[in-house]
Amino acid sequence: NRRIVLAKRPQGEPTPADFRLEEVPIAALKDGEMLLQTVYLSLDPYMRGRMSEAASYAASTELDQVMIGGTVSRIVASRNSRFKEGDLVNSFSGWQEYQVSTGMGITPLDPRIPKPSYALGVLGMPGLTAYVGTLDLGTPKAGETLVVAAATGAVGSVVGQIAKIKGLRAVGIAGGPEKCEYAVKELGFDACIDHRDANMPGLLKQACPKGIDVYFENVGGAVWDAVLPLLNTHARIPLCGLIAQYNATSLPAGPDRSSQLMATFLVKQIKVQGFIISTYYNRQAAFINDMSIWIRERRIKYREDITKGLENAPEAFMGLFKGNNFGKLLVQVSE
Ligand code: NDP
C-alpha cells in the first residue's frame, strides 16, 4: 500500500518536503472488515489547515500520519455483511491506495450520481457547500447581484450557477483570462473579473453597477478589499473560505482597519455568517435532489481537473494555492 504522510508542518506555502511517499503492508482482514481501494482522492484547500498545528474546527493531522481526504473507493474484499465486493463507496480513506475499514462512516454512492467522481465535487462536499452557502445563508432574491471569487473552482462555479438559476446577476472573480472566459461563456456568469488585473477593483465596480447584495467569500485578501466598498445595505456574506491567507505566517502590514470594517457592518447592517459545511449535513437530501436535477437539465455545468497517480498528489495540492487547478481538483489513484 503506497501512501502519503505528513512529513513536516509547512511554514507558509506547503513544499514537497512536507510530504513523504511510503509503502506499507496491508493488514489481513478480520471479521467485519473490508479492503477499500481508492479510485478518486479529493484534494481540497481545507487540508492546508490540517497540516498546521493551529487550533481549528477539526484536529490537525499528526506527523508521519496519512494525509486525510475524502475518497471514492472500491470494495475489493469484504468480510462485512453490509458491504459487497465490487461496490463503490464514499469513504474518507485519505492519501493512500488501500485502506482496511470496519465500514464506519462508509456510505454507498447515491444512485443519482451520474459519474463516481462527482460524489467528491458537484454532488459531494463542495457542491453542498455552494448550495447551503448560497441559498440558506445568502438568501438570494431575483434581481440582486451576487459576487463569488475562485469562480471556476469546485465551490465557486456552483455558487454562480445557482445564483443564475435564482434570477440574480452573477459576477465571478477568477485568476486569468481563460478562466474568466469560461465563467461567462460556459457557466453563464454575467461578468468575470481577473483578480490579477491591476485594475481589479475598478473592473469589479463596473461589473456591479447596482452594488453587491450577496458576497460569497472564498478568498479574502485583495479580493475582499475590492468587494467591501461595493456592499449594499443589508448585504449578506456567507463566509466560506479565505484561501488567500491560508499560507500566511503573520498579519498583513499596514494600519489596523478592523474598526472601519466593523463600522461598515454596522451602518450597512451587513450579515456575515461563517460556516463549516459539516454542520449542515441535514441539508444533504434536499441538495442531492435539487443538484442532480440541475445537472441532468444542464442548468449546472461542472468541470474536473484530474491528476493521475497518487505520487502526484502533493504537487497538485500545492497548485490549489496558485490557481493551477481549473475545476474541481481530484487525483485518480486507480482505474
Ligand atoms: P477551488 O477549486 O476553487 O480551488 C482553489 C482556487 O482558489 C484556486 O484555483 C484559485 O483560483 C483560488 N485562489 C487561490 N489562491 C488565491 C488568492 N490568493 N487570491 C484569489 N484566489 C485564489 O477550491 P474549492 O472550491 O474547493 O474551495 C474554495 C474555497 O471554499 C476555499 O477557500 C475553501 O477553503 C472553501 N471551502 C470551505 C468549506 C466550508 O465548509 N466552509 C467547504 C469547502 C470549501 P483562481 O485561479 O481563480 O484564482
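Keeping the other protein chains in place, figure out the carbon and sulfur percent of the accessible area of the chain, with a 1.4 Å probe. Intermediate values should be presented prior to the final figure.
Working: 8240 of 15570 Å².
The nonpolar share, carbon plus sulfur, comes to 53 percent.
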ask   = Using the alpha-carbon atoms, what tilt in degrees (0 to 90, nearest 10) does helix 284-296 show relative to the longest principal axis of the chain?
value = 80
inquiry  = Once you place label points 7 Å from the Cα toward the Cβ at LEU29 and LYS205, how far apart are they in nm?
reply    = 6.4
message = Please list log₁₀ I(q)/I(0) at q = 0.06, 0.11, 0.15 Å⁻¹ for the chain, using the Debye equation with identical point scatterers on the alpha-carbon positions.
response = -0.22, -0.73, -1.28
note = Across ALA151, ALA183, ALA316, the residue with the highest GNM fluctuation in the chain (Cα network, 10 Å cutoff) is ALA316
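How much length is gained if the chain between THR15 and ARG296 is pulled fully straight, taking 0.36 nm per residue apart and subtracting their Cα-Cα distance, in nm to one decimal?
Values: separation 281, 0.36 × 281 = 101.16 nm, distance 3.96 nm.
Net length gain for the segment: 97.2 nm.
Suppose the chain between GLU85 and ARG257 were pulled fully straight at 0.36 nm per residue; how much longer would it get relative to their current alpha carbon spacing?
Difference between extended and current length: 56.2 nm.
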Which of LYS84, LYS322, LYS179, LYS301 is most accessible, then next, and so on - probe 1.4 Å = LYS84, LYS322, LYS301, LYS179
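For Cα pairs less than 8 Å apart in space and 6+ apart in sequence, what is the mean separation divided by the residue count of the chain, i.e. the relative contact order in percent? Numbers along the way, then the final one.
On the way: 699 pairs, mean separation 60.0, N = 335.
Reported relative contact order: 18 percent.
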query = Just how much of ILE237 is accessible, in Å², when a 1.4 Å probe is used and the result is rounded to the nearest 10?
reply = 10
message = Given a 1.4 angstrom probe, what's the average accessible area per residue across the chain, in square angstrom?
response = 46
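Ignoring ligands, DNA and RNA, how do LYS166, LYS210 rank by accessible area with a 1.4 Å probe, largest first?
Working: LYS166 90, LYS210 150 Å².
These residues rank, largest area first, as LYS210, LYS166.
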task = Using just the helices of the chain, give the 222 nm mean residue ellipticity in deg cm²/dmol: DSSP H runs with n ≥ 4 each add -39,500 (n - 2.57), and the total is spread over all residues, rounded to 500.
result = -6500 deg cm²/dmol
remark   = In the chain the cysteines whose Cβ sits 4.7 Å or more from every other Cys Cβ are CYS208, CYS240
remark   = Expected field for THR307, accessible surface area in Å² at 1.4 Å probe radius, rounded to 10, holds 30
message = With angles folded into 0 to 90 degrees, how steeply does helix 258-267 sit against the dominant principal axis of the chain? Use alpha carbons for both and round to 10.
response = 70
message = Please give me the summed charge of the neighbours of ASP190: other residues whose Cβ is under 9 Å from its Cβ, Lys and Arg +1, Asp and Glu -1.
response = +2
remark   = Expressed in square angstrom to the nearest 10, the accessible area of GLU33 with a 1.4 Å probe stands at 30
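Can you sort TRP224, TRP294 by 1.4 Å-probe accessible area, starting with the largest? Could you put the intermediate results ahead of the total?
Working: TRP224 45, TRP294 20 Å².
Largest to smallest exposure gives the sequence TRP224, TRP294.
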inquiry  = A 30 angstrom limit on the alpha carbon distance is what I want to check against. Which of LYS268/LYS301; LYS115/LYS179; LYS179/LYS205; LYS115/LYS322 exceed it?
reply    = LYS268/LYS301
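The values are calculated or read from the model by the stated rules, or taken from the named source; none is laboratory data. Note that the structure is predicted; figures quoted are calculated from it, not measured. Cβ sites come from the backbone with ideal geometry, for glycine too, and all protein chains shown count toward neighbours. These accessible areas exclude ligands, DNA and RNA; they are computed on the full protein's heavy atoms, side chains included. Shrake-Rupley method; radii C 1.70, N 1.55, O 1.52, S 1.80 Å.
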